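The next block holds one structure in the form of structure tokens; read it before the comments.
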Amino acid sequence: MAKIAEELLLQPQDKILDVGCGTGAMIPFIHQYIPLSQLSLCDCSDAMLKEAKKRFPECPAICSDFLELKRGNFDKLLFNAVFVY
Ligand SMILES: C[S@@+](CC[C@H](N)C(=O)[O-])C[C@H]1O[C@@H](n2cnc3c(N)ncnc32)[C@H](O)[C@@H]1O
């Protein structure tokens, strides 16, 4: 995660969208760099997103195919292990 954070140039004020968040495995790592309230979650699977929301209720969540998202107010997008699909 340190490498991802470095490549994303994460800043404490960044608003991040974790695209294809799954059950939220990346969230604890991202939270080392930014507050949970600035991290939004997106997954096209309602079951996966529900699991992530159970663990991290502070994070706003969007259940959608990311390709169908309208423009959002984010500084950076994180895709981890999404393009295998
Ligand atoms: C292998 S999991 C990775 C989960 C998480 N990013 C991680 O690193 O643990 C891939 C996730 O991407 C989601 N996904 C795949 N295609 C997507 C799309 N077009 N839009 C939103 N989510 C998608 C799947 O539902 C699944 O939960």
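Rule-based calculations on the coordinates, nothing more; no lab input. Being a predicted model, the structure only gives us computed values, none of them experimental. So basically every Cβ, Gly included, is an ideal-geometry build from the backbone, and we count neighbours across all protein chains shown.
Brief remarks follow.
- Each stretch of four or more DSSP H residues adds -39500 (n - 2.57); spread over every residue of the chain, this sum gives -6000 deg cm²/dmol at 222 nm.
- Formal net charge of residues neighbouring G20 (Cβ-Cβ distance under 12 Å; K, R +1; D, E -1): -3
- Principal-axis analysis of the Cα atoms of the chain puts helix 46-55 at an angle of about 40° to the longest axis.
- By the beta-carbon count within 10 Å of each Cβ, the least crowded to most crowded order of V19, V84, fewest first, is V84, V19.
- Relative contact order (percent, whole number), the range 2-79, Cα cutoff 8 Å, 6+ residue spacing: 38 percent
- Summing charges over all other residues whose Cβ lies under 13 Å from the Cβ of S37, with Lys and Arg as +1 and Asp and Glu as -1, gives -1.
- Aspartates and glutamates whose Cα lies under 19 Å from that of K50, excluding same-chain neighbours fewer than 8 positions away: D18, E58, D65
- Percent of C-alpha pairs per 5 Å bin, the chain, short to long: 3, 15, 30, 26, 19, 7, 0
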